[in-house]
Each structure stands twice: as C-alpha cells, then as structure tokens.
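One structure is given here, and the rest of the page talks about it.
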Amino acid sequence: MTVRVGLIADTHGLLRPEAVAFLAGCAHIVHAGDVGDPQILDALATIAPLTAIRGNVDTEPWANRLPDTTQATVAGVPIYVLHDLKALDIDPRRARVRVVVSGHSHKPVIAERNGVLYVNPGSAGPRRFRLPITTAELFVTGDSVSARICELVAGQ
C-alpha cells in the first residue's frame, strides 16, 4: 500500500483552490511555513491530519502556536520540517530522519543526499518573480520514499 503525503509551503495568506484539489486524498499534509493566515491551517486540517511550522513571515500572535521546526512520522517514515533549509539544526542521517521538508526559497527542489530525501515544495501562494506555483507529494511504500513536484497554475 502506498501512502500519499501532501507538501505545501509559502502560501503567504493565499490557499488556491488548485492546491486544495491537489491535496485532497492525502493521508497527511505538511506545511513548511510562511502560512500567512491561520484560516489556511484550518482549511488544510479539514483535508487530512496536518503538521505545520512557522515561517519568517508568520509573526502575528496566532503563529505563536506553531513551532519553528518539528518532526512527524507518517507511515513509519520520520519527516523533519523547517522553513529555511539553511537553518537546519540537526544531522538528519544521525537523527534517523528519512525526509527533510523545507520552504522559504519558493524554488521547488527534490534531492537525495546520504540517504535523506530533501524536498522543497516551492510556493503555492502568490507568484514571486518568475518562479512556478507548486506543491509536492511524497509517496511512501514500505521502506521506499519518493517525491514529485506539481505545478498548480501555469503562466499566471
């Protein structure tokens, strides 16, 4: 059985209907910060269990309930979540983390290093520069983990 985990980041107060449709059916959702509006978290939590952290723009009092980093285990896979990968404060391999999810750069990335899968789902919020509007998904099948980036809105 394959478990699908939705990854989203940098919504900056905008939860697009395309993102909601993409995340439908996920077993779990991870938001890697720069939420921008607590209603986004409420909406995501109606789709699937949610793990979320605070990003650098999440400075309003509502964001105080969000940690700067967190770890979740989904389908037996340890996932470490932080906003800016440059602030990674653990050795994921030593900490037995299989996936690191980050945001901040708005650039979607999937890279595997030393047995750790690094995923930045990009930005699902307002377009920034000429970067795409994206989310991502993890697929967990037993011990196997893979990821895919999905462009939500082309050319807008």
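The values are calculated or read from the model by the stated rules, or taken from the named source; none is laboratory data. Note that the structure is a prediction, hence the values are computed from the model and not measured. In this analysis, Cβ positions are derived from the backbone assuming ideal geometry, glycine residues included, and neighbour counts consider all displayed protein chains.
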Next on the checklist: I'm checking my understanding of the structure. Among residues of the stretch 68-94 that are among the small types (Gly, Ala, Ser) and either under 13 Å from Asp34 (Cβ atoms) or surrounded by 13 or more Cβ atoms within 10 Å (Cβ to Cβ) (or both), which one is nearest to the chain's Cα centre (by Cα)?
Outcome noted: Ala72
Item to check | When residues of the stretch 27-49 are limited to those that are out of contact with any strand residue (DSSP E or B) (no Cβ under 9 Å at 6 or more places or on another chain) and in a loop (DSSP other than H, G, I, E, B), the one surrounded by the most Cβ atoms within 10 Å (Cβ to Cβ) | outcome: Gly36
Checklist entry - Within the group Arg148, Arg93, which residue is over 17 Å from Gly6 (Cβ atoms) and either modelled with pLDDT under 95 or out of contact with any Leu (no Cβ under 8 Å at 6 or more places or on another chain) (or both)? => result Arg93
Checklist entry - Does the stretch 50-69 hold any residues that are closer than 16 Å to Leu7 by Cα and touching a strand residue (DSSP E or B) at 6+ places or on another chain (Cβ under 7 Å), and which are they? => result Leu50, Thr51, Ala52, Ile53, Thr69
Checklist outcome for this item: When Arg65 is run through (1) more than 22 Å from Val35 (Cβ to Cβ); (2) surrounded by fewer than 19 Cβ atoms within 10 Å (Cβ to Cβ), the failure sits at (1)
Next on the checklist: Suppose we filter Ser146, Ser105 for residues that are among the hydroxyl-bearing types (Ser, Thr, Tyr) and part of a loop (DSSP other than H, G, I, E, B); which single one remains?
Outcome noted: Ser105
Checklist entry - Which of the residues spanning the stretch 1-26 are closer than 15 Å to Ile133 by Cα, without any contact (Cβ under 8 Å) to a residue 60 or more places away in the chain and either of a type in the set (A, V, I, L, M) or surrounded by 16 or more Cβ atoms within 10 Å (Cβ to Cβ) (or both)? => result Val20, Ala21
